[in-house]
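J.: So that we are looking at the same thing, I have put the structure below in structure tokens.
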Amino acid sequence: MIRKKTYMPDDSPAFSRKWWLAAVRNFLSVALITVLIWVYADIEFTGKVEVRATLHLTADKDDQTLLAGEGLQQEIPITFELQGNRSAINEFQQWLKSQGTVLKYDVSEKFMPSSKQQTIQTQEVLAKNQAANFQTRGLSIISAEPATIAFKLDKVIRVPDVKVDFQYTGATLAELPAVKPPVVTIRLAQTAWDEIVAAIPKPEDRKLRTLPVDLKNVDPDQPISASIIPAISIPSSGTNPEKAITVEPTIKDVKVKVQIAQVTGEKTFKVPVVLIQPAGWAEDNTWNEYKLVRKTGESWAREITFQGPKTELDSLTTEEIMAYVV
């Protein structure tokens, strides 16, 4: 039986000088390659980058809504720092660019409606973003600005039997317009409805209105379609001006039947203006102190617009109009 002999490179005897030199050369080669691999891995897997995006808050549950105002925003510019594999970071940045640099977060998933302002940590919002998928990508969120985000989440209610007022121009009616349906159901935030009730105590006065319809050229024998303005107006009170609160009617349009009594219109005339001297001027020496100089007749002419029945406007002439300054 022939035994096989094992030799190091160059068939040097074990532990000889040549054997040790060859072993050291092999060790240094392996060590160098290992160091290069670790350096590459360190560069590849420990990258950091600052990302700018817009955080869009939503309330996707049908019975909840986000309130605006009071410095609250639904789209918040944010900046955050990511750490992780450089290829994963590049992949995330490409994905974010495809989304228009917008990240969405549904606050109704975690929070309940409240009359008070609520806050959430920006890093928590980012971490819970399933579309961004930071955890699966192996990315860590180191920091984020702003640190917290404020919002108001309100309950959405449905209010039935809100009257619709038909608004019109261009005619007088022989009787009240017949609106179908005369009342509608609206959806709005609970706090908005509370504000309406406080400002308008009588239920019959809480009305929706349609966009004005010009009746001059409509067929009175056919129903008219009128668009509902999606808001209820709160009248001015004290120092508070008139305010419109946005609502969501269950329908957008109503059908209206009208009986036109008379078509109305507008007509503009350019007429001369006559000065009527106050009687007191002759008694209080006004003419002794001042001299009244009249300009040309053209400069005393003014355009005056009249509104009324179209038949009467058509027969009205400039000669019938007298304009005075007293």
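J.: Quick one: is residue 46 over 23 Å from residue 116 (Cα atoms), polar (S, T, N, Q) and at pLDDT 90 or above? Reasoning before the result, please.
T.: Values: over 23 Å from residue 116 (Cα atoms): yes; polar (S, T, N, Q): yes; at pLDDT 90 or above: no.
For residue 46, the condition - over 23 Å from residue 116 (Cα atoms), polar (S, T, N, Q) and at pLDDT 90 or above - is not met.
J.: For the subset of the range 110-129 comprising residues that are in contact with a Ser or Thr (Cβ under 8 Å, 6 or more places away or on another chain) and either part of a strand (DSSP E or B) or not assigned by TED's automatic domain parsing to the domain that holds residue 140 (or both), which member is surrounded by the fewest Cβ atoms within 10 Å (Cβ to Cβ)?
T.: Ranking the candidates gives 119 first.
J.: Residue 261 passes all but one of (1) more than 27 Å from the chain's Cα centre (by Cα); (2) surrounded by 11 or more Cβ atoms within 10 Å (Cβ to Cβ); (3) over 21 Å from residue 172 (Cβ atoms); which number fails?
T.: Every condition holds for residue 261 apart from (3).
J.: Taking the stated definitions as given, is residue 319 outside any helix (DSSP H, G or I) and surrounded by fewer than 14 Cβ atoms within 10 Å (Cβ to Cβ)?
T.: Values: outside any helix (DSSP H, G or I): no; surrounded by fewer than 14 Cβ atoms within 10 Å (Cβ to Cβ): yes.
No.
J.: Given 251, 186, which one is under 23 Å from residue 59 (Cβ atoms) and of a type in the set (A, V, I, L, M, F, W, C)?
T.: Numbers: 251 fails: under 23 Å from residue 59 (Cβ atoms).
Result of the check over 251, 186: 186.
J.: Does residue 71 fit the bill of being assigned by TED's automatic domain parsing to the domain that holds residue 122, under 26 Å from residue 141 (Cβ atoms) and modelled with pLDDT under 90?
T.: So residue 71 fits the description; yes.
J.: Kindly provide the set of residues from the range 227-281 that are at pLDDT 90 or above and among the acidic types (Asp, Glu), ordered by number.
T.: Answer for the range 227-281, where residues must be at pLDDT 90 or above and among the acidic types (Asp, Glu): 248, 253.
J.: Quickly run through the range 79-107 and pick out the residues that are outside any strand (DSSP E or B) and among the charged types (D, E, K, R). Reasoning before the result, please.
T.: Just the residues of the range 79-107 that are outside any strand (DSSP E or B), to begin with: 85-101, 107.
Once the filter is applied, which keeps residues that are outside any strand (DSSP E or B) and among the charged types (D, E, K, R), the range 79-107 yields 86, 91, 97.
J.: Hey, among 132, 88, 144, which residue is more than 25 Å from the chain's Cα centre (by Cα) and surrounded by 13 or more Cβ atoms within 10 Å (Cβ to Cβ)?
T.: Working: 132 fails: more than 25 Å from the chain's Cα centre (by Cα); 144 fails: more than 25 Å from the chain's Cα centre (by Cα).
Residue meeting the stated conditions: 88.
J.: Being surrounded by fewer than 11 Cβ atoms within 10 Å (Cβ to Cβ) and modelled with pLDDT of 75 or more is the filter here; which residues of the range 291-306 pass it? First the steps, then the outcome.
T.: Filtering the range 291-306 down to residues surrounded by fewer than 11 Cβ atoms within 10 Å (Cβ to Cβ) leaves 291-299, 303, 305.
Within the range 291-306, 303, 305 qualify.
J.: Now for a separate question. Mind counting the residues in the range 193-217 that are outside any helix (DSSP H, G or I), among the hydrophobic types (A, V, I, L, M, F, W, C) and touching a residue at least 40 places away in the same chain (Cβ under 8 Å)? Step through it out loud before you land on a result.
T.: Start the filter on the range 193-217 by keeping residues that are outside any helix (DSSP H, G or I), which leaves 200-202, 206-214.
If we keep only those that are among the hydrophobic types (A, V, I, L, M, F, W, C) as well, we get 200, 208, 211, 213.
Applying the additional criterion that residues be touching a residue at least 40 places away in the same chain (Cβ under 8 Å) yields 208, 211, 213.
Residues in the range 193-217 being outside any helix (DSSP H, G or I), among the hydrophobic types (A, V, I, L, M, F, W, C) and touching a residue at least 40 places away in the same chain (Cβ under 8 Å): 3 in total.
J.: Which residues, counting only those in the range 165-192, are of a type in the set (D, E, K, R) and assigned to a strand (DSSP E or B)?
T.: Kept after step one, since they are of a type in the set (D, E, K, R), are these residues of the range 165-192: 165, 175, 180, 187.
Across the range 165-192, the qualifying residues are 165, 180, 187.
J.: In the range 218-260, what residues are closer than 15 Å to residue 200 by Cβ, in contact with a Phe, Trp or Tyr (Cβ under 9 Å, 6 or more places away or on another chain) and in a loop (DSSP other than H, G, I, E, B)?
T.: If the condition is that a residue be closer than 15 Å to residue 200 by Cβ, in contact with a Phe, Trp or Tyr (Cβ under 9 Å, 6 or more places away or on another chain) and in a loop (DSSP other than H, G, I, E, B), then 247 is the only one that fits.
J.: Follow-up question, since we're still on this one. When the range 307-316 is examined, which residues are found to be free of Cβ contacts under 8 Å to residues at least 24 places away in the same chain and surrounded by 13 or more Cβ atoms within 10 Å (Cβ to Cβ)?
T.: Answer for the range 307-316, where residues must be free of Cβ contacts under 8 Å to residues at least 24 places away in the same chain and surrounded by 13 or more Cβ atoms within 10 Å (Cβ to Cβ): just 312.
J.: Would you mention how many residues in the range 113-134 are without any contact (Cβ under 8 Å) to a residue 40 or more places away in the chain, closer than 29 Å to residue 157 by Cβ and of a type outside the set (S, T, N, Q)?
T.: Residues meeting the conditions: 3.
J.: Please identify the pairs in which a residue from the range 55-74 that is in a loop (DSSP other than H, G, I, E, B) and surrounded by fewer than 16 Cβ atoms within 10 Å (Cβ to Cβ) has its Cβ atom under 7 Å from the Cβ atom of a residue that is modelled with pLDDT under 85 and among the small types (Gly, Ala, Ser), counting only partners at least 6 apart or on another chain.
T.: Hits for this filter: 74/68.
J.: Of everything in the range 127-158 that's of a type in the set (Val, Ile, Thr) and in contact with a Lys or Arg (Cβ under 8 Å, 6 or more places away or on another chain), which residue is nearest to residue 63 (Cα to Cα)? Outline the logic, then answer.
T.: If we filter the range 127-158 for residues that are of a type in the set (Val, Ile, Thr), which is where we start, we get 136, 141-142, 148-149, 156-157.
Checking which are in contact with a Lys or Arg (Cβ under 8 Å, 6 or more places away or on another chain) leaves us with 142, 156-157.
Details: 142: 35, 156: 5, 157: 7 Å.
Here the answer is 156.
J.: Report yes if residue 183 is of a type in the set (A, V, I, L, M), surrounded by fewer than 16 Cβ atoms within 10 Å (Cβ to Cβ), at pLDDT 95 or above and under 30 Å from residue 237 (Cβ atoms), otherwise no.
T.: Numbers: of a type in the set (A, V, I, L, M): yes; surrounded by fewer than 16 Cβ atoms within 10 Å (Cβ to Cβ): yes; at pLDDT 95 or above: yes; under 30 Å from residue 237 (Cβ atoms): yes.
Taking the combined requirement at face value, the residue satisfies it.
J.: In this structure, is residue 150 in contact with a Gly (Cβ under 8 Å, 6 or more places away or on another chain), surrounded by 13 or more Cβ atoms within 10 Å (Cβ to Cβ) and either over 22 Å from residue 258 (Cα atoms) or of a type outside the set (A, V, I, L, M) (or both)?
T.: Taking the combined requirement at face value, the residue satisfies it.
The values are calculated or read from the model by the stated rules, or taken from the named source; none is laboratory data. Small disclaimer: the values here were computed from a predicted structure and weren't measured. In this analysis, Cβ positions are derived from the backbone assuming ideal geometry, glycine residues included, and neighbour counts consider all displayed protein chains.
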